[in-house]
Amino acid sequence: MDERIKNISKMANLLRRDVVTMIHEAGDGHPGPALSCADIVAALYFDVMRVDPSNPGWPDRDRFILSKGHACPVVYAALAHKGYFDIAELPKLRTLGSILQGHPDMKKTPGIDMTSGSLGNGISIGIGMSLAGRLKGQNYFTYVITGDGELEEGIIWEALMTAKKYRLGRLIVFIDNNGMQSGGAVDKVSGLYPLYPKLEAFGWHCQEIDGHNIDEILIAVKAAQAEAERPSIILAHTIKGQGVPYMIGDNSWHKRVPTDEELKIALIALGGNEK
């Protein structure tokens, strides 16, 4: 395996270990949806995005929006390991006075570009950021991760039309397509599928990948970055709870806390040590 890919994969597993540990210690949180997008988050923060942890507000930085804000523990872990704040903050997830809220808060957490959690709004916010960059003559990219359950929100489809209209080639959206939402399987809740032809019909540059394959993630990002006038969607097929045997594909782990014994099993499966 290429050293670059290997390092990102190792980081993704480290982020997963942090996620289950943080949620166990907090006694609350959403492990399933955080684990499904860990590979994408690791690739973005530790290879793709141009950011400066010593200067979180750097005007020319790439922007990132976690539209599925309940998955924030994985982003908090990435920010800590990137150097935005001390790793010692991670165990304080969801505690009173912590900089790590249950959903991302740009006024409390260094490195968070936009408060999120009200589902469906991330792409629209990304459009605003992308347009702002164009108006100011800046060349940053704006990256968004949205869940597939979010796509049932009407504002998503309005955003898809708007981004195409303004030819926002520096807007790149990942859809964390794990097939599940809090109420059950997406295909049982709504008529969302088939998804790819719908997205393509809105005029976006579309790609379909394995969201747990780092090489595919990086290749897709490079292709998206090369698009001058079309916004890009990367439909990433993922598995809810990826990496932890008893969580994989089990939607009960959308919002649930591992026991002490379950934490030990998870850490061993993810290549770490028992706690």
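Taking the range 208-244, which residues are surrounded by 19 or more Cβ atoms within 10 Å (Cβ to Cβ) and part of a strand (DSSP E or B)?
Answer for the range 208-244, where residues must be surrounded by 19 or more Cβ atoms within 10 Å (Cβ to Cβ) and part of a strand (DSSP E or B): 209, 232, 233, 234, 235, 236.
For the range 87-130, what are the residues that are assigned to a helix (DSSP H, G or I) and surrounded by fewer than 17 Cβ atoms within 10 Å (Cβ to Cβ)?
87, 88, 91, 92, 128
Do you know which residues across the range 132-151 are in a helix (DSSP H, G or I), surrounded by fewer than 17 Cβ atoms within 10 Å (Cβ to Cβ) and not basic (Lys, Arg)?
Residues satisfying the conditions are 132, 135.
Looking only at residues in the range 245-261 that are free of Cβ contacts under 8 Å to residues at least 60 places away in the same chain and assigned to a helix (DSSP H, G or I), which one is nearest to residue 35 (Cα to Cα)?
Looking at residues that are free of Cβ contacts under 8 Å to residues at least 60 places away in the same chain and assigned to a helix (DSSP H, G or I), I get 252.
Which of the numbered conditions does residue 181 fail, given that it passes all the others? Conditions: (1) polar (S, T, N, Q); (2) in contact with a helix residue (DSSP H, G or I) (Cβ under 8 Å, 6 or more places away or on another chain); (3) modelled with pLDDT of 95 or more; (4) buried (at least 18 other Cβ atoms within 10 Å of the Cβ).
Among (1) polar (S, T, N, Q); (2) in contact with a helix residue (DSSP H, G or I) (Cβ under 8 Å, 6 or more places away or on another chain); (3) modelled with pLDDT of 95 or more; (4) buried (at least 18 other Cβ atoms within 10 Å of the Cβ), the lone unmet condition for residue 181 is (3).
I'd like the full set of residues that are among the aliphatic types (A, V, I, L, M) and in a strand (DSSP E or B), limited to the range 155-175.
Within the range 155-175, 171, 172, 173, 175 qualify.
Pick out, from the range 22-84, the helices (runs of 4 or more DSSP H) lying fully within it that include 3 or more residues that are aliphatic (A, V, I, L, M), modelled with pLDDT of 95 or more and within 17 Å of the chain's Cα centre (by Cα).
38-43, 72-82
Given the criteria touching a Phe, Trp or Tyr at 6+ places or on another chain (Cβ under 8 Å), assigned to a helix (DSSP H, G or I) and either touching a residue at least 60 places away in the same chain (Cβ under 8 Å) or of a type in the set (A, V, I, L, M, F, W, C) (or both), does residue 265 qualify?
Yes.
State all residues of the range 125-156 that are out of contact with any Leu (no Cβ under 8 Å at 6 or more places or on another chain) and closer than 21 Å to residue 195 by Cα; if no residue qualifies, say none.
Those that are out of contact with any Leu (no Cβ under 8 Å at 6 or more places or on another chain) and closer than 21 Å to residue 195 by Cα: 146, 154, 155, 156.
Report, by residue number, each residue of the range 105-158 that is of a type in the set (A, V, I, L, M, F, W, C) and within 23 Å of residue 48 (Cα to Cα).
106, 112, 114, 123, 125, 127, 129, 131, 132, 141, 144, 145, listed by residue number.
Among the residues of the range 252-275, what is the count of those that are touching a Ser or Thr at 6+ places or on another chain (Cβ under 8 Å) and not charged (D, E, K, R)?
Count: 3.
Which of the residues belonging to the range 8-21 are out of contact with any Phe, Trp or Tyr (no Cβ under 7 Å at 6 or more places or on another chain) and surrounded by 15 or more Cβ atoms within 10 Å (Cβ to Cβ)? Even if it seems obvious, please write down each step before you answer.
Within the range 8-21, the subset out of contact with any Phe, Trp or Tyr (no Cβ under 7 Å at 6 or more places or on another chain) is 9-10, 12-21.
Residues satisfying the conditions are 9, 12, 13, 14, 15, 16, 17, 18, 19, 20, 21.
State whether the residues of the range 255-262 include one that is in contact with a helix residue (DSSP H, G or I) (Cβ under 6 Å, 6 or more places away or on another chain), over 20 Å from residue 49 (Cα atoms) and not β-branched (Val, Ile, Thr).
yes
Conditions (1) in contact (Cβ under 8 Å) with a residue 24 or more places away in the chain; (2) out of contact with any helix residue (DSSP H, G or I) (no Cβ under 7 Å at 6 or more places or on another chain); (3) among the aliphatic types (A, V, I, L, M), marked per residue:
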| position | (1), (2), (3) |
| --- | --- |
| 89 | no, no, no |
| 97 | no, yes, no |
| 102 | yes, yes, no |
| 129 | yes, yes, yes |
| 135 | no, yes, yes |
| 149 | yes, no, no |
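The values are calculated or read from the model by the stated rules, or taken from the named source; none is laboratory data. What you are looking at is a predicted structure, and each value in this text was computed from that prediction instead of being measured. When we count neighbours, we look across all protein chains shown, and the Cβ atoms used for this are built from the backbone with ideal geometry, even at glycine.
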